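Only one structure is covered here, and it is reproduced in the block below.
The values are calculated or read from the model by the stated rules, or taken from the named source; none is laboratory data. This structure is a prediction, so every number in the text was calculated from the model and none was measured. Remember, those area values only see protein heavy atoms, side chains included, never the ligands or the DNA or RNA. Shrake-Rupley method; radii C 1.70, N 1.55, O 1.52, S 1.80 Å.
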Amino acid sequence: MSSIRSPEPAPHMQENTFLIRSSMALLAMAGIMLASTSPALAHTGHAAGGGFLTGFRHPLLGADHVAAMVAVGFWSICFGRAAGWALLAVFPLAMILGGVLGMAAIPLPGVETGIAASALVIGLAVLFRTNPPLVFAAVIVAFFAIFHGYAHGAEMPGAANPLAYAAGFVVGTISLHLCGAGMGFLIRGSQLATRTAAAAIALTGMGFLTGML
């Protein structure tokens with residue numbers, strides 16, 4: 001007896017599915033960005049409290065941090081599964097190094113510029129489908145992560161527990177990476193949606209870099 005195969009979805013149904021996924025992902029990205037405050041509020045160094053929750057909130061309260069960390073997660077989808085996870089692991093590890101430099105008050109020039117440029121560069125990488133060798137991509141991600149980590153460490157409240165605060169901003173960062181990866185996964189079948197989201201990230205980075213945001 002021959003097996004009965006389920007009919008494949010019609011092309012227009014597949015297109016509608018992509019449109020729905022794309023809309024959901026783009027709306028989620030817009031919501032994350034709107035929920036974030038301006039970079040000025042996230043880089044004042046006057047965070048309340050001093051433990052895990054304060055560290056966790058720090059990446060979420062700056063739209064420049066959000067854009068860059070979502071961008072890293074988004075870019076990871078452009079690589080293979082193992083390479084993508086490796087890329088996601090590089091950012092928090094390098095960020096911890098930057099956080100130590102910030103906590104130790106070791107001078108690091110161009111912190112704000114590096115943070116703003118990270119969203120622009122990674123957004124453009126996705127927009128133009130630039131998938132360099134994993135080592136090169138990891139170097140780019142690690143380079144920018146040091147600036148983000150430095151900002152977190154330098155703005156740690158004086159009464160904070162360094163380990164709890166650091167754990168908080170690492171977990172917050174990973175959460176944003178996963179949001180970006182989830183969005184990228186949802187719209188991976190639609191080049192239009194992927195490039196639209198990447199362009200939005202890049203434009204956001206440009207806005208911070210030029211002082212327009």
>> Which of the three applies to the range 57-98, rounded, prolate or oblate, going by the alpha-carbon gyration tensor with a ≥ b ≥ c and a/c under 1.5 meaning rounded?
In response: oblate
> Rounded, prolate or oblate: which fits the range 74-213, taking a ≥ b ≥ c as square roots of the Cα gyration tensor eigenvalues, rounded meaning a/c under 1.5, else prolate when a/b beats b/c?
Replying inline: prolate
>> Can you give me the accessible area per residue for the range 105-183, using a 1.4 Å probe, in Å²?
In response: 42
> On full extension of the chain, what length is gained from residue 212 through residue 175, given 0.36 nm per residue of separation minus the C-alpha to C-alpha distance?
Replying inline: 10.6 nm
> How much length, in nm to one decimal, is gained on full extension between residue 105 and residue 130, taken as 0.36 nm per residue of separation minus their Cα-Cα distance?
Replying inline: 5.5 nm
> Of the accessible area of the range 143-208, with the probe set at 1.4 angstrom, what percent is carbon plus sulfur?
Replying inline: 74
